[in-house]
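This report refers to the structure that appears directly beneath it.
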Amino acid sequence: QVQLVESGGGLVQAGGSLRLSCAASGSGFSISAMGWYRQAPGKQRELVAAITSGGSTNYADSVKGRFTISRDNAKKTVYLQMNSLKPEDTAVYYCNAARWPYSYWGQGTQVTVSS
């Protein structure tokens, strides 16, 4: 069982930066793949960035070059550094931990980017 708590969301102007954190508790963090997803009003939840237990990363095309995902296994925390934010990045951002066959979600944190 893994519990996830996101933090770091907020209101920022276009072009600004935010860093999201996702703190995990429970066992198995270091062997879990971690991901950040987002869901904007009226839209489906989408993958933003993911990182494997070995540190390999992948990103949605819309955030490549602007967002960076990282993890600190000692702290059981995964981060999402978001730079050059755009109004279309506005969404609730969710942290996910996946360790087959289980998938765990945090409660989400709101990110609002004003133009």
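The values are calculated or read from the model by the stated rules, or taken from the named source; none is laboratory data. Just so we're clear, the structure is a prediction, and the values are computed from it rather than from any experiment. Reconstructed Cβ throughout: ideal geometry from the backbone, glycine too, with neighbour counts over all protein chains shown. Heads up: the accessible areas ignore ligands, DNA and RNA and are worked out on the full protein's heavy atoms, side chains in. Shrake-Rupley method; radii C 1.70, N 1.55, O 1.52, S 1.80 Å.
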ask   = Which of the lysines could a cross-linker span from residue 76 if the Cα-Cα distance has to be under 16 Å and same-chain partners fewer than 8 positions apart are dropped?
value = none
key: Accessible area of region 63-112 divided out per residue, in Å², using a probe of 1.4 angstrom   = 50
query = What figure in square angstrom, to the nearest 10, would you give for the accessible area of residue 86 with a 1.4 Å probe?
reply = 80
inquiry  = Based on the alpha-carbon set only, what is the convex hull volume of region 25-79 divided per residue, in Å³?
reply    = 94
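Would you mind calculating the gained length between residue 3 and residue 70 on full extension (0.36 nm times residue separation, minus the Cα-Cα distance), in nm to one decimal?
22.3 nm
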inquiry  = Can you find, among 103, 91, 113, the residue sitting farthest towards the positive end of the charge dipole of region 37-115, where Lys and Arg contribute +1 and Asp and Glu -1 at Cβ?
reply    = 103
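Computing the accessible area with a 1.4 Å probe over protein heavy atoms, can you report the carbon and sulfur percentage for the chain? Please report the intermediate quantities before stating the final value.
Details: 2970 of 5950 Å².
Carbon and sulfur together cover 50 percent of it.
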remark   = Taking only the alpha carbons of the chain, the radius of gyration and the largest Cα-Cα distance, Dmax, both in angstrom, are 13.3, 41
ask   = Short version: ³J(HN,Hα) in whole Hz for each residue of region 90-103, in order, from phi by Karplus 6.51 cos²θ - 1.76 cosθ + 1.60 (θ = phi - 60°), x for Gly and Pro, what are they?
value = 4, 4, 8, 9, 10, 9, 10, 10, 10, 9, 3, x, 9, 9
message = Starting from 0.36 nm per residue, how many nanometres of slack lie between residue 62 and residue 86 once their C-alpha separation is accounted for?
response = 7.6 nm
ask   = Hey, rough spin-label estimate for residue 46 and residue 13, points 7 angstrom out along Cα→Cβ, what's it come to in nanometres?
value = 2.6
query = Which lysines have a Cα lying under 30 Å from the Cα of residue 75, excluding residues fewer than 8 positions away in the same chain?
reply = 64, 86
key: Kirkwood-type radius of region 1-50, with distances r between different C-alpha atoms, in Å   = 13.0
task = At 1.4 Å probe size, with no ligands or nucleic acids counted, give the accessible surface of residue 7 in Å², nearest ten.
result = 60
